Structure formats: C-alpha cells, structure tokens
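This report concerns only the one structure given below.
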Amino acid sequence: MALAPVVFALNASGLATAQKVAVALGAQLHGREGRVAQADAFFSNALDHARDLFAAGVPIVGVCASGILIRAVAPLLADKSTEPPVVSVSDDGAVVVPLLGGHHGANRLARDIALALGGTAAVTTAGDVSLGISLDEPPLGWALVNRLDAKDAMATLLAGGGATVSGKERASADWLLDLPAGDAVRLSCTIEPQTDLGPNHLQFAPQRVTVGVGCSRNCPSEELADLVRSALLNVGVCNAAVHSVNTISLKADEPAILDLAVSLGAPLRLFSAAELEAETPRLATPSEVVFAEVGCHGVSEAAALAQAGFDGVLWVQKCKTANATVALGLSPEPMTVLRGAARGRLSVVGIGPGQAAWRTPEVSRLVADAQELVGYGLYIDLLGPLAAGKARSDFPLGGEEARCRYALEQAGKGKNVALVCSGDAGIYAMGALVFELLDREPEQMGVSAAARRVEVVCSPGVSALQGAAARAGAPLGHDFCTISLSDLLTPRDDILRRLKAAAEGDFVIAFYNPVSKTRRTLLAEARDILLKHRPEDTPVMLASSLGRPEEHIQYRRLADLQVDEVDMLTVVLVGSSNSRLAQLGEGPRMFTPRGYARKMDGDLACGTQRKDS
C-alpha cells in the first residue's frame, strides 16, 4: 500500500471500534458530521467521501455496513491491479471483511485489524483460505518476476497440485515452505535470471542488490543503461532483484539516471555529498578528482554502499564508460527499507471550483500522496477531509510569488509537495509562475539549485470558465477567449487592446477577475466596447461561487450589465453575436451555434443540384 489507510466511522455506535483501528494502524480517523463527536476530520456524505478516497488511491477501512462501501466505489471499479484496498468492519469489531484488493494489501490489513480487535477476518480469497498465502503478494523485500503467471500457478495448486521451492535464496523464503509439496509448480527463489518462467515456474527475487551510478551532465540514456545492464549480467542478477538506483543529490534531475530507474522498475534514491563522503573508507577506487568536483571521493561506489547499509558490501566496484559509472552493492538479506531521499516533487494541482465531484481523480491522488499542501488557505480548506493530517502552509492573497517559491524550495528538500490552486492551475493561477521561477537565473530572484532539480507535475482542474459554461448550457460551442480584467499584473492599455480585438473578432468572452473593491471601471468599459460590435440583447451569464452551496446564476442582456451585480467570485460570460438564450423547461440555457444549420442548408442545396442535374 503506497498510502496510509483512512478509517472512518458513520455512527456513534462504531466510534470506539474505529478509534481502536485507527490507533492500531496509525491512521487518520474521519467521522460523519452530526453523528460522530471525535475525529481527525469530518465529512457530510459517506458515499461521496468513500468515493473520493478511493479515487485518490487511499486504502479505506470503513466501520460500517459493507453495502455502503460497495455502493460508494462500484462506479469507479476498473482495474483490480491498481485499485486500493477496501475493508469493512462491523460496529462491534467482531467481523472484518476485505472487500477489494485482497492481493494488494486488503487481506493483510484485515488480519491486522482483526488481531487488534480480537475479531475475525472474513478472508474469502481462495489462495489465502486454502493455502494461507497469495503468490502474487510476496513479502516486502521480495519481487515476483513473472507476476502475470501467478494466477494460473495458484489455480494449479488449488486444484491439488504441489510446489517445489528451490534456489539459492530458498532458506530466506520461509513464507513458501508450508505449501503442499509436489512437482506441479516450481518456485525459484534466486537473484539469478531464469529462462523458462511460465505458469508452472514462478521466480521470486530477493531485493538485495543496490545499484550506484554517476554520470556526466546529459549523458546518453542508452550509454548508462547499457553499462548497468552489462554489470548486472556479469554477476548474474535479474532486474527484479535490484532494490534501488542510487546517486548523489546533484544528479536528481539527470535524464539518463531517471530513465534508468524507470527501466529497472526501481526507486531512485539520493544522497548528499557529505553522506557519500562518509563511505570513503569502504570505497575500492576513491578519487581526488571526484572529490574536487562534487565534494566526495566517489559517487557510484559510495551510493551503492550507502543504500546497502553497514552490513552490506561493495559487490562490484566501479565500472565506467566515457560518460557514466556504475557499482553494485549487496545486502546479506532482502532489503525492506529505503535509505537516502527521494527526488522532490511539486504537484501543481487545480481542484476545480471547490466541490469534490468536480475534482479529478488524478488531482485527488496527487493531494493524497503529498506530504505538504501549500496554497491560499481557503483553497486548502475546500479539500475537506482529504487534507486532514497533512502539513499545510497557508499563504494570503497577494503572496503568490512567495507561495510558489516556498513550494519549490520545500520540494527541493526531497519532499512531495502539492501547490493547491482553484479551478485549473494553468489558467490565471500558479502554474506559469512556478515555471517562471524555475526559468529565472539566481541573480534574477530565481530559486535554489536544489529546487531547480525537482520533478514538477501539472494536473488539470475544472476551470471556472468550464464550470460556468456547463451551468449555462453550451455558450462555448464556437470560438471563445478569456480576458482578465485585473490590471495588477497586466497594463491597462494591454487589457483595452485585447478587449477591442476580441470584440472585433466576435468571440464569446469569459471575464476573469472582473472587479474588486478598488477596481470598478474596466468591466463597464468592456461592456461599452462590446456594445459597438454586437447587439444590445447579447446574452450575458453571471456565475458566482460555482460548485459551492452559495452558487448563484443570473442572465442579463449586454446592455443591462451592471458592475454592482458582479464581485471577484463571479465569472462573466458574454456571448458572441450568434449566442442565444433558449427558454426551456428547466429554465434559460445559453448556447452558441457552431454553424450546423448553414451546413445542413448547404447539404440540402447540393442534393437538390445533383437531383436536377
């Protein structure tokens, strides 16, 4: 399980049990508003909350009826190999039922909970019930090389076949030793590559090998990959036995090293120069040249040893090409911990207008995975229980550069940070400023070298423009543009020039930041400019607080648009000369025809001409 579970209670009758489970798992406790008195966070709708957690990839432990969880997540079920565990617990703690993700942590989670509560884990997965294990879920420190063959192998064992456990690492694979004996399935426990794997031959590789690498800037990915592949083959190691790829923190953004970690399916871990220098007494090939350049006497050997730990050894000393080096470390036992730091990541996320239903599952996953949330306090508050238990750094309106700079520098320390924006983070939000800071030179108030090496992920959100258009009907059915009426960052003359161009082009226009307490004139000027190019009865939509309980929608004629009806939370959508306001049963709906009526008339005319000819 990549993320910590969340325990939630729906009623006071299950609160005591939920509290015990949360303590046993070291998990957050979420409670239903109005029904549960004590919790780390509260939610108003159980189905929506469970669905939101599930979409974010968060393991769920619900102290409630199983049916509630089933109804909540059923619309999202798609790929059992990626879905998080879902476990239900009876209010009295007597029964624990793993509903989903049995082979991905749910069965183990259910047993742990049952042990803490003195209850019964109602595990129904065939392999767990009949054999006591799941072949496709080896313990931490082991990897199943041919995972796709595990299902057929398990079926063979359940049908009465037996297994033979072999390989140099057999003694460490004690979880396999109670399987019924026989020759129907062979289970090889070794780091050495096997050539005849299939449904009757599974390989479990103990992750004992650490890969240490170094390279020159912009080293070709193929050069480093070929060097590492050769080193592994020379000592007879399969990729699955690689525990991690390790290097100096200065190389956190080196493309060849990043590509190598992906190709090996191993995590990338970073060590400071000081941490690597501490390994100097164990190096086979210390170098004064390397020390002068990066502050330690070796990178590849030191990184392999730093990850392998005190009991580990340097198995393969430094090998090199023109641009790359590699060394291998070896641990005496399968490794279950990751030393060093991860590469920092900044997720720039747009959470939509605020309601969970308009937040994308990808954004929810990035928020759930983040160690720290950074943003305007109101936007973080809109995340509700998804933000519970996370470090958060609130910044006021007007502190945008400080906000982005802080988020980047925190990520530069190796943290996983989410920069939270409303709407879409790339539309009048923090996305562009993040990249502007990364693009600046240090003397131009850029960010630190460490911050420049972080991974930046941008995830789309439902923009206010899209939300307003959906509420209206289809006003963006033809060409449109957006214009911010805030002159804090854009010169007033530029705004007026864009207004005139958009008016002459007959675009549907969405106005962002239409007014503020001190800025009241540009919206009126925009109205007057538009009236020179489109009819007075052009429909205008005023959409305030979209997606929130106080949402308010109004329609006006362009000639009747008044500044006092608009505030900073309002999106103003002005139609083109072709936009219409249809009066339908559910109320007025605004749309902009794209020209299908003209196309139909043309098709009919062509048909008539062909008939006459």
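Tabulated data
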{"item": "Condition met for SER172 (among the hydroxyl-bearing types (Ser, Thr, Tyr), within 30 Å of LEU338 (Cα to Cα) and surrounded by 15 or more Cβ atoms within 10 Å (Cβ to Cβ))", "result": "yes"}
{"item": "Matching option when the condition is within 20 Å of the chain's Cα centre (by Cα), at positive phi and in contact (Cβ under 8 Å) with a residue 60 or more places away in the chain, among GLY423, GLY461", "result": "GLY423"}
{"item": "Count of residues meeting criterion [under 20 Å from GLN317 (Cα atoms), polar (S, T, N, Q) and surrounded by fewer than 24 Cβ atoms within 10 Å (Cβ to Cβ)] in the stretch 185-235", "result": "4"}
{"item": "Qualifying residue in the stretch 362-379 (condition: touching a His at 6+ places or on another chain (Cβ under 7 Å) and in a helix (DSSP H, G or I))", "result": "no"}
{"item": "ASP48 vs. criteria out of contact with any helix residue (DSSP H, G or I) (no Cβ under 9 Å at 6 or more places or on another chain) and on the phi < 0 side of the Ramachandran plot", "result": "no"}
{"item": "Any hit, the stretch 322-344, residues being at pLDDT 95 or above, within 17 Å of the chain's Cα centre (by Cα) and among the hydroxyl-bearing types (Ser, Thr, Tyr)", "result": "no"}
{"item": "Output for the stretch 236-269, where each listed residue is closer than 28 Å to ARG147 by Cβ and part of a strand (DSSP E or B)", "result": "VAL242, HIS243, SER244, VAL245, ASN246, THR247, LEU268, ARG269"}
{"item": "Residue count for the stretch 299-312, restricted to those that are in a loop (DSSP other than H, G, I, E, B) and either of a type in the set (Asp, Glu) or in contact with a strand residue (DSSP E or B) (Cβ under 7 Å, 6 or more places away or on another chain) (or both)", "result": "3"}
{"item": "Failed criterion for LEU408 (all others in (1) surrounded by fewer than 22 Cβ atoms within 10 Å (Cβ to Cβ); (2) at pLDDT 95 or above hold)", "result": "(1)"}
{"item": "Which listed residue is farther than 21 Å from LEU53 by Cα, in the same structural domain as ARG453 (by TED's automatic domain parsing) and out of contact with any helix residue (DSSP H, G or I) (no Cβ under 8 Å at 6 or more places or on another chain), from ALA402, ALA388, ALA407, ALA370", "result": "ALA402"}
{"item": "SER393 vs. criteria under 26 Å from ILE248 (Cα atoms), surrounded by fewer than 18 Cβ atoms within 10 Å (Cβ to Cβ) and hydroxyl-bearing (Ser, Thr, Tyr)", "result": "no"}
{"item": "Residue identified as polar (S, T, N, Q) and surrounded by 18 or more Cβ atoms within 10 Å (Cβ to Cβ) among SER516, SER463", "result": "SER463"}
{"item": "Residue count, the stretch 35-51 (criterion: without any contact (Cβ under 8 Å) to a residue 24 or more places away in the chain and either within 16 Å of PRO5 (Cα to Cα) or among the basic types (Lys, Arg) (or both))", "result": "0"}
{"item": "Output for the stretch 74-86, where each listed residue is crowded, with 21+ Cβ neighbours inside 10 Å and without any contact (Cβ under 8 Å) to a residue 60 or more places away in the chain", "result": "VAL86"}
{"item": "Test: residue in the stretch 98-105 that is crowded, with 19+ Cβ neighbours inside 10 Å and either more than 30 Å from PRO361 (Cβ to Cβ) or of a type in the set (D, E, K, R) (or both)", "result": "no"}
{"item": "Hits in the stretch 546-566 (condition: closer than 18 Å to SER463 by Cα, in a loop (DSSP other than H, G, I, E, B) and either out of contact with any Pro (no Cβ under 8 Å at 6 or more places or on another chain) or not assigned by TED's automatic domain parsing to the domain that holds LEU499 (or both))", "result": "PRO549, GLU550, GLU551"}
{"item": "Answer from ARG520, ARG498 - the residue that is over 30 Å from ALA357 (Cβ atoms), modelled with pLDDT under 95 and either touching a strand residue (DSSP E or B) at 6+ places or on another chain (Cβ under 9 Å) or assigned by TED's automatic domain parsing to the domain that holds SER576 (or both)", "result": "ARG520"}
{"item": "Matching entry among VAL185, VAL211 (being over 22 Å from ALA261 (Cα atoms), of a type outside the set (Lys, Arg) and in contact with a strand residue (DSSP E or B) (Cβ under 8 Å, 6 or more places away or on another chain))", "result": "VAL185"}
{"item": "Lone qualifier among ALA18, ALA37 - being part of a helix (DSSP H, G or I) and small (Gly, Ala, Ser)", "result": "ALA18"}
{"item": "Filter pass, LEU386 being crowded, with 21+ Cβ neighbours inside 10 Å, part of a helix (DSSP H, G or I) and at pLDDT below 95", "result": "yes"}
{"item": "Restricting the stretch 273-326 to residues that are more than 25 Å from ASP259 (Cα to Cα) and among the charged types (D, E, K, R), the residue that is surrounded by the most Cβ atoms within 10 Å (Cβ to Cβ)", "result": "GLU279"}
{"item": "Qualifying residue in the stretch 276-290 (condition: among the small types (Gly, Ala, Ser) and either closer than 28 Å to GLN203 by Cα or under 29 Å from the mean Cα position of the chain (by Cα) (or both))", "result": "no"}
{"item": "Looking only at the stretch 12-45, and only at residues there that are surrounded by 15 or more Cβ atoms within 10 Å (Cβ to Cβ) and charged (D, E, K, R), the one that is nearest to ALA94 (Cα to Cα)", "result": "LYS20"}
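The values are calculated or read from the model by the stated rules, or taken from the named source; none is laboratory data. All of these numbers come straight from a predicted model, not from anything done at the bench. Methodologically, a virtual Cβ is constructed for each residue, glycine included, from the backbone with ideal geometry; neighbour enumeration extends over all protein chains shown.
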